[in-house]
Structures are given as structure tokens and as C-alpha cells.
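The values are calculated or read from the model by the stated rules, or taken from the named source; none is laboratory data. Note that the structure is predicted; figures quoted are calculated from it, not measured. In this analysis, Cβ positions are derived from the backbone assuming ideal geometry, glycine residues included, and neighbour counts consider all displayed protein chains. Just so you know, the surface numbers come from the protein's heavy atoms only, side chains and all, with ligands and any DNA or RNA stripped out. Shrake-Rupley method; radii C 1.70, N 1.55, O 1.52, S 1.80 Å.
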Amino acid sequence: RNIVKVGDPILAKTSRKVEKFDDRLAQLLDDMRETMYQANGVGLAAVQVGILRRAIVIDCGDGYIELVNPEIISSEGEQFEEEGCLSLPGQVGVTCRPMTVRVKAQDRNGKWCIYKGEALKARCFCHEIEHLDGHLFIEHTDRLMTEEELQEFIRQQEESED
Ligand code: ZN
């Protein structure tokens, strides 16, 4: 499926709760998974393929998961890291996010599960879940970085890790 880009008013809309756990939902999730991997993304919300349903897919490198009707139930700590979005190609900004979040969500069959995310995965959960309420990460950043600033930020982070 095609990824909706910034400027499309659908990105500001609130997605509706998924009530039917049917073949159409399964097809949507399969398509979202394929679309995310083709775009080399770590997460995708249904609204980003033009469907206003509360469903997201995530793979932060530790396995693929799908979350239907996700809700953040607790969050702890904070982190400042660079963040981007498949709907805002080429734009990166530093955001403040919780370091750890716990999320409850249903799977494609309607079964509830609890997920824990730390670091990148916590950012990813927050980022994708806020898409479902019509919000974008740029609302949490003062200013987007230029390419040079981004390179400098990455270099400083690598130095501080040594
Ligand atoms: Zn996004």
C-alpha cells in the first residue's frame, strides 16, 4: 500500500477502534507489515496507509509485532533521541519520550496482551500510538535538524558511548 505523506489531512484525524477481528483486519495487518518492511521502517500506523483504524505494526529489530487498539498503561523515565517518520521523509528532530512504556493491545484475533518497550521500542510505541490520535512527532520537537546537525548529533552520541 502507499504511505500517506505530510500535507494529507487524514494524518490529523482520530482513528476508530477496531471492533471486528475478521479477514479484512488480517489483510490490513499483512499489508501494513509488507509496506513497513519495503520502506525500511521500524513502525507503521494504519492511518499511514489511509485507514482510520486503531492498528499499528512494529519491528525494532527484535521481532515483528502487531498491536490492535493499543493503549499506553504506564511510562517511566525520559530519553532525548532523534526521531523520524515514514510520512515525513527526510525530516528528523530530537524528541523527549519516556524511557520505558507498558502497552496493552489486542492481537489480530482480539486477544489482549501486555508489551513492554525500552529505549527505541518505547519511542516507537509512543510515536505510532499518537498517529492514531492524529499527532505527529514534530509536535514534540522545537525544530527539525539539518543534515549537518544530524550528523553532528550522531557523532557526539558515538563519542559519548566510547
Ligand atoms: Zn510516524
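Miscellaneous remarks
- Of the accessible area of the chain, computed with a 1.4 Å probe over protein heavy atoms only, carbon and sulfur atoms account for 47 percent.
- Each peptide in 78-88, 139-149, 39-49 was scored by the mean count of other Cβ atoms within 10 Å over its residues; highest first, the order is 39-49, 78-88, 139-149.
- Normalised contact order of the chain, rounded percent, pairs of Cα under 8 Å and 6 or more residues apart: 23
- Model label points for Ile114 and Asp23, set 7 angstrom from Cα along the Cα-to-Cβ axis, are 3.6 nm apart.
- Full extension of the chain segment joining Cys96 with Glu82 gains 4.1 nm, where the gain is 0.36 nm per residue of separation less the Cα-Cα distance.
- Compared with the dominant Cα axis of the chain, that is its longest principal axis, helix 147-161 is turned about 80°.
- As a length-normalised measure over Cα pairs under 8 Å and 6 or more apart, the relative contact order of segment 22-76 settles at 25 percent.
- Mean accessible surface per residue for segment 103-155, computed with a 1.4 Å probe while every protein chain stays in place, in Å²: 55
- Helix 23-38 and the long axis of the chain differ in direction by around 20°, with both axes built from C-alpha atoms.
- Average projection, convex hull of the Cα set of segment 62-115: 4.8 square nanometres.
- With the convex hull of its Cα atoms as the shape, the chain has an orientation-averaged projected area of 9.6 nm².
- Charge tally for Cys85 (other residues, Cβ to Cβ under 12 Å; Lys, Arg +1; Asp, Glu -1): -3.
- Normalised alpha carbon radius of gyration of segment 120-162 [divisor 2.2 N^0.38 Å]: 1.46
- Largest to smallest in accessible area, the residues Lys17, Lys121, Lys104 fall in the order Lys17, Lys104, Lys121 (1.4 Å probe, all protein chains included).
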